[in-house]
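The block underneath contains the structure these notes are about, expressed in structure tokens.
What follows draws every value from the coordinates through simple rules; no lab data is involved. Small disclaimer: the values here were computed from a predicted structure and weren't measured. Virtual Cβ from ideal backbone geometry, glycine too; neighbours counted across all protein chains shown.
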């Protein structure tokens, strides 16, 4: 790559790197507004030595959010940061930040931003689509009609979702939109579990604050919209599925690993749960031989809930604007470790003199 392409050699340049492509080209268009920012595209097909040379000199890193899209040695963890002494900011390409060790970044004085809310509409619509499809048993009838003759209409009798109870785990951007859609469109009773919100937040977002066990026991549908963290990993385990109402429908469009796949298979296989809609998996994409994919009452997608033209443009716009703010010394709106902002400011001044 030429010096003109990377901006190498300019005094006071602020170097941002990314692998392969932006979520949408609009990120690059936004960053081009600031001539002091030099953007370099890296390629996984290049040697590690070449990529580390660029990363070690970089001040910002737009990182892929999905673990299966990036080799582990390029995740933003303590080992990575030790090799990148100039790094000031890590920007996740999406709302999730599975490829970032937030604690390690904070220790290193590196701020982290995500693009929370940018794909909220897309993910909420996907989760609602799964709720409707599973309630009406569309996947099952579609599979039958493609493989056999003579389907009987009453064999696959479905249910309405109007007036049912929806349990939302995580009432952030996506969970809030789910509450709005399901409450307004279908008059559903909305329960929500989110230990990081105050009572007034639940009321403002159209939900009733509920303990985790109570939500499971009283919901006809349980939908997951929280990040995967040490706290939420395997929170939906065998005990949790046992607590759910018989015949309830489970949806996860958040992250794989929040639910125990073997425990979910067991709950579905023995008929305790009615169905499941899964967009996320412990290993992505899952093998076609995955046990859950053998069940006719599982509706599956390959982590595409947030992948729409509109959402990609929105998260990419958020990313560009936040990086523009960061490298102008302005505090970005989606800062995940705000407690180290003063440390960032000191490091920024040491590198760029203001």
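Shown for 196, 348, 318: other C-beta atoms within 10 Å of each C-beta, ranked fewest to most, produce the order 196, 348, 318. Rounded to the nearest 10 degrees, the inclination of helix 48-57 to the longest alpha-carbon principal axis of the chain is 70 degrees. Between residue 308 and residue 339, residue separation times 0.36 nm minus the direct Cα-Cα distance comes to 7.8 nm. How far is helix 138-147 tilted, in degrees, relative to the longest principal axis of the Cα atoms in the chain, given as a value from 0 to 90 rounded to the nearest 10? That helix lies at roughly 80 degrees to the long axis. Structural descriptor for the chain: relative contact order 19 percent, calculated from alpha carbon pairs under 8 angstrom and at least 6 residues apart. Across the stretch 157-285, Cα pairs under 8 Å and at least six residues apart give a relative contact order of 22 percent.
Taking only alpha carbon atoms, the stretch 240-306 gives an Rg to Rh ratio of 0.93, where Rh is the Kirkwood radius. Computed packing ranks the peptides 328-336, 250-258 as 250-258, 328-336, most packed first, by mean other Cβ atoms within 10 Å.
Over 13 Å apart: what share of the alpha carbon pairs of the stretch 276-354 falls there, rounded to a whole percent? Taking all Cα-Cα pairs of the stretch 276-354, the fraction more than 13 Å apart is 76 percent. For the stretch 1-134, relative contact order (Cα pairs under 8 Å, six or more residues apart, normalised by length) works out to 20 percent. Average 1/r across all pairs of distinct alpha carbons in the stretch 203-277, invert it, and you get the Kirkwood radius: 12.6 Å. Using Cα atoms only, what is the angle between the long axis of helix 173-186 and the major principal axis of the chain, expressed in degrees (0 to 90) to the nearest 10? Between the helix axis and the principal axis of the chain, the angle is about 30 degrees. Put a dot 7 Å past each Cα toward the Cβ at residue 189 and residue 231; how far apart are the dots in nm? Taking the simple label geometry, residue 231 and residue 189 are separated by 2.7 nm. Normalised by residue number, the volume inside the convex hull of the Cα atoms of the stretch 120-300 is 113 Å³ per residue. Using the Cβ-Cβ distance between residue 69 and residue 153 with R0 = 56 Å, the FRET efficiency computed as 1/(1 + (r/R0)^6) comes to roughly 0.85. Using the Stokes-Einstein relation with a Kirkwood hydrodynamic radius computed over Cα pairs, the translational diffusion coefficient of the chain at 4 °C and a viscosity of 1.567 mPa s comes to 59 µm²/s.
Distance from the alpha carbon centroid of the stretch 253-316 to that of the stretch 86-134 works out to 18 angstrom. Ordered by the count of other Cβ atoms within 10 Å of each Cβ, fewest first, 178, 131, 157 give 157, 131, 178. Neighbour counting of Cβ atoms within 10 Å sorts the residues 107, 100, fewest neighbours leading, into 107, 100. With a 10 Å cut-off between alpha carbons and a GNM built on the chain, which of 325, 279, 142 moves the most? Comparing 325, 279, 142 in a Gaussian network model of the chain, the most mobile one is 142. For the chain, adding -39500 (n - 2.57) for each run of n ≥ 4 DSSP H residues and dividing by the number of residues yields -10500 deg cm²/dmol at 222 nm.
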